[in-house]
Amino acid sequence: MEGHTNCSKILLGYFLANLEILFDKRASERVKALSFNIQAFTTNQQHPKFMEDNLITLLDRCLISITKGSSDEISLAANTIGLMAVTAADRAHELYMESFPVLSKVLNHGSPCSKIIECMILLAFFGAKNCEETENSMQLIWELIHKISVSTGKANKHSLSILPAAISAWTFLLASMDGRRLSYKYWQGAISYFFHLLEEEMDEALGHAACEALTLILETGSLEKFSHRSSNINKDEIIEKLNNFILKFREQDHDQNQDYNEELDFISDVINLFEDDDCPKSSINIRGHLLTLSTYSQIIQFNYLKRFLGSGFEVHMMGNKLLQNVFDFTPKYHVQHEKLWEEPTVTYFVPEARTKKTRQRLFMSPNSAYNKARTQLLNKNRDLTKDGEHQRMKQ
């Protein structure tokens, strides 16, 4: 326990030190501190006391970086806020309410990047308390999509690169909504807009985003909320449009992007299931535990969160209750007393400070947290072995 306490104190110290650096006037130092936070949050190594006492201070510094920082600092700050939303659990709504006014202003009047869009959507996904708050965020992204669509006509390459991310973000939030609760006034014309995108010459990412959105709209079962009242588009028309686009794409030379071909193949399979009034199902093995996804909405959410968390996704799925609740995923642990684990490990986030002396103090000293933890484990294994032998002798 002593070793664990020491490790906890050290980790808390690093978080506090990096929070202090976010007040530094030097952008390069703030970038390093933000990078530390991203590494820690991605691997689910946040410190409970730090999160409890300093969450809003960290959020405020990140929002200041978003409004005043360089492009690199903006991207890192937005990524940090997104990770905070994933890890903050019961304080996610507080993060959402504090961030929404600032991020709304940046998206409406600034030059947004894909990370800001991603950050806004994750705050809404984990922090919105009701359908109205979720749809407010969807509406903000929808307005941005139309703004970008107008600017692409002026050959704005930056805006064009953001459009697939904006559509995917909107689709991700739609996947969290019950189609029956969606407003009739916000999404009129959405189907026609995505039809238009599929009819144009576009890059692969944009075509895939439009296909995902239309496929998910099919699953909501509320087509009347996404089409103009005069057009009255039905399910068969959407399926035909999607199939025609996929067929046209396959006829062209796109063999180099195997991942994109597989994604379109999957969408095609989902469409076939919808034609038969069936639902897509997918099973994923996460470190020996089976996660079952039984709707296209869940598959959209899974893919989006996996892309965002990257290498840290499995770590969060195994230890982050908030993420486990999203997918109704409960890992089943089997305790084996014969051997607890191979070696105790101690992880430290020490940016630019892993010197020889530091390493000797942390790992090689007889009184280090590592060696204390190792001794405790050996003693515990020895006691368990003795207990086992004693039980066998009784038998």
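The values are calculated or read from the model by the stated rules, or taken from the named source; none is laboratory data. Predicted model only: the values in this text are computed from it and were never measured. Cβ sites come from the backbone with ideal geometry, for glycine too, and all protein chains shown count toward neighbours. All accessible areas refer to the heavy atoms of the entire protein, side chains included, with ligands and DNA or RNA removed. Shrake-Rupley method; radii C 1.70, N 1.55, O 1.52, S 1.80 Å.
So here's what we get for this one:
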{"item": "Heavy-atom accessible surface of region 68-188: percent carbon and sulfur, 1.4 Å", "result": "51"}
{"item": "Check: region 9-48 dipole with +1 on Lys, Arg Cβ and -1 on Asp, Glu Cβ, in debye", "result": "60"}
{"item": "Of K25/K68; K115/K306; K68/K129; K9/K49; K129/K332; K281/K306, pairs whose Cα-Cα distance is over 20 Å", "result": "K68/K129; K129/K332"}
{"item": "Region 83-145: relative contact order as a whole-number percent, Cα under 8 Å and 6+ apart", "result": "40"}
{"item": "Anisotropy class of region 246-306 from Cα gyration tensor, a/c 1.5 cut", "result": "oblate"}
{"item": "Amide hydrogen neighbours beyond the local backbone of I286, cut-off 5 Å, H modeled", "result": "L291"}
{"item": "Order by protection proxy (mean Cβ within 10 Å, highest first), peptides 34-46, 277-289", "result": "34-46, 277-289"}
{"item": "Using a Förster distance of 35 Å, the FRET efficiency for E314-E224 (Cβ separation, nearest 0.05)", "result": "0.30"}
{"item": "Rounded, prolate or oblate (a/c below 1.5 giving rounded, otherwise prolate when a/b exceeds b/c) for region 68-224 by Cα gyration tensor", "result": "oblate"}
{"item": "³J(HN,Hα), Karplus 6.51/-1.76/1.60, whole Hz, each residue of region 318-328, x for Gly, Pro", "result": "7, x, 9, 4, 4, 6, 4, 5, 4, 9, 6"}
{"item": "Placed amide H near G110: partners under 5 Å, 5+ positions off or other chain", "result": "none"}
{"item": "Cα gyration tensor category, rounded, prolate or oblate, for region 173-327 with a/c compared to 1.5", "result": "oblate"}
{"item": "Stretch gain in nm, segment N234-D90, where the contour uses 0.36 nm per residue and the Cα spacing is subtracted", "result": "47.8 nm"}
{"item": "Percent RCO, i.e. relative contact order, over region 242-320, from Cα pairs under 8 Å lying at least 6 residues apart", "result": "17"}
{"item": "Label-point separation in nm, I10 to I284, each point 7 Å along Cα→Cβ", "result": "3.3"}
{"item": "³J(HN,Hα), Karplus 6.51/-1.76/1.60, whole Hz, each residue of region 13-27, x for Gly, Pro", "result": "x, 5, 4, 5, 5, 6, 4, 4, 5, 5, 8, 5, 6, 7, 4"}
{"item": "Inter-site label distance for E143 and R180 at 7 Å from Cα along Cβ, in nm", "result": "3.1"}
{"item": "Burial ranking of peptide ranges 10-23, 78-91 (average Cβ count within 10 Å, highest at the top)", "result": "78-91, 10-23"}
{"item": "Computed lengthening from K68 to D24, 0.36 nm per intervening residue step minus Cα-Cα distance", "result": "14.5 nm"}
{"item": "For region 19-141: accessible area per residue (Å², 1.4 Å)", "result": "41"}
